[in-house]
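Please read the structure below before turning to the comments.
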Amino acid sequence: MDASPAAPLDIWLPDLARFDAAHPLRTLLRKADRMAPGARGYLAGLAAHFTVPGGLPAGALTRELMVGDAEGASWLCADPAWVQPDLNGARLLACGQMQLDMDEAQAFARPLKPVFGDAGMILEVSSPDHWHVRLPAGTPTPALAAPEQALGEDLYEHLPEGADGRRWRVLLNEVQVLLHQHPRNAERRALGLPPINSLWLWGGGTLPSHVRTTLKGVVSDDVLLGALARRAGVAVIERTPQAVASSSAGRLVDLQDLPVDEIATRWWPVLQMVALKQPVQWSFASGERWLHRPWHRWRFWRGGRR
């Protein structure tokens, strides 16, 4: 999915399997040319577009984007999360996008800050859904799975092991005990909202000296994608129908986090218009890719299902 000066507009979509046979995109794909598979999954999709030396320090990148003070320290993402106990352990059911406002986020974070402080760390609420941990200079960052890799799975399979990992397991256990007892969770349950009963720590590292991409610009509301693009020096435009309509070759339009029903209603008219004006690469989070050129709409003989 690497872009180049001649690359078409790239539209990043959810997994192909989520689009049923009646979705309008399926009609367009039947007339398009199938390409070799691309990256699968959120993190692989980012890596296909951006080169970051030494891995992906999501904590430092997103902190720098949101607050601008990430330079000179190591950072972890500490995203508010919902963990559900079961017979075999506990499963990560949700992480980030927990429908918090800033007042509620600060209330949940308040009793946790001394726990991190005792460990020599600083817990920062950068936004309601994006929290960060600043680590002491020289502290090695643990190898922790990204939320995408752990959602729905046993929490304890993704925690650091051994003696070096023990401090993180103990820290997370203290956090979970405090959040389990937090009175705000009773209010959330009364409103039908999931509890905030854990933090997911991931994406450790320092701010990279540079990020490279061949993209000319990005249309997205995703924080990490936006952080990578800004670090690479390319424009990041808020995702609106108007921004999608004005996008052109060499740019990435990020829709991969949207429900397919919303794509069929709010976004499809503008996507259809874009496809009539220029070549479009339709890249799905599950790896499938198609190239559609404006003249492909005349391929009436292509009637098979995809």
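The values are calculated or read from the model by the stated rules, or taken from the named source; none is laboratory data. Note that this is a predicted model, so its numbers are computed, not measured. Here the Cβ is made from the backbone with ideal geometry for all residues, glycine too, and neighbour counts use every protein chain on show.
State whether the residues of the range 54-71 include one that is modelled with pLDDT of 95 or more, under 23 Å from the mean Cα position of the chain (by Cα), β-branched (Val, Ile, Thr) and under 22 Å from residue 216 (Cβ atoms).
no
Considering only the range 244-306, give the strands (runs of 3 or more DSSP E) lying wholly within it that have at least 3 residues that are surrounded by 16 or more Cβ atoms within 10 Å (Cβ to Cβ) and within 23 Å of the chain's Cα centre (by Cα).
Answer list for the range 244-306: 251-254, 280-284.
Output yes when any residue across the range 109-122 is closer than 27 Å to residue 43 by Cβ, basic (Lys, Arg) and either assigned to a helix (DSSP H, G or I) or not assigned by TED's automatic domain parsing to the domain that holds residue 47 (or both), and no when none is.
No, because not a single residue in the range 109-122 is closer than 27 Å to residue 43 by Cβ, basic (Lys, Arg) and either assigned to a helix (DSSP H, G or I) or not assigned by TED's automatic domain parsing to the domain that holds residue 47 (or both).
Could you tell me whether residue 231 is surrounded by 18 or more Cβ atoms within 10 Å (Cβ to Cβ), at pLDDT 95 or above, touching a strand residue (DSSP E or B) at 6+ places or on another chain (Cβ under 6 Å) and closer than 27 Å to residue 148 by Cα?
no
When you scan the range 136-144, do you find a residue that is more than 25 Å from residue 97 (Cβ to Cβ) and among the aliphatic types (A, V, I, L, M), even just one?
Within the range 136-144, one or more residues are more than 25 Å from residue 97 (Cβ to Cβ) and among the aliphatic types (A, V, I, L, M).
Being part of a loop (DSSP other than H, G, I, E, B), closer than 24 Å to residue 52 by Cβ and touching a Leu at 6+ places or on another chain (Cβ under 8 Å) is the filter here; which residues of the range 196-210 pass it?
207, 208
Could you grab the pairs with beta carbons closer than 8 Å, sequence gap of 6+ or different chains, first residue in the range 110-122 and farther than 10 Å from residue 133 by Cα, second one in a loop (DSSP other than H, G, I, E, B)?
111/182; 120/136; 120/139
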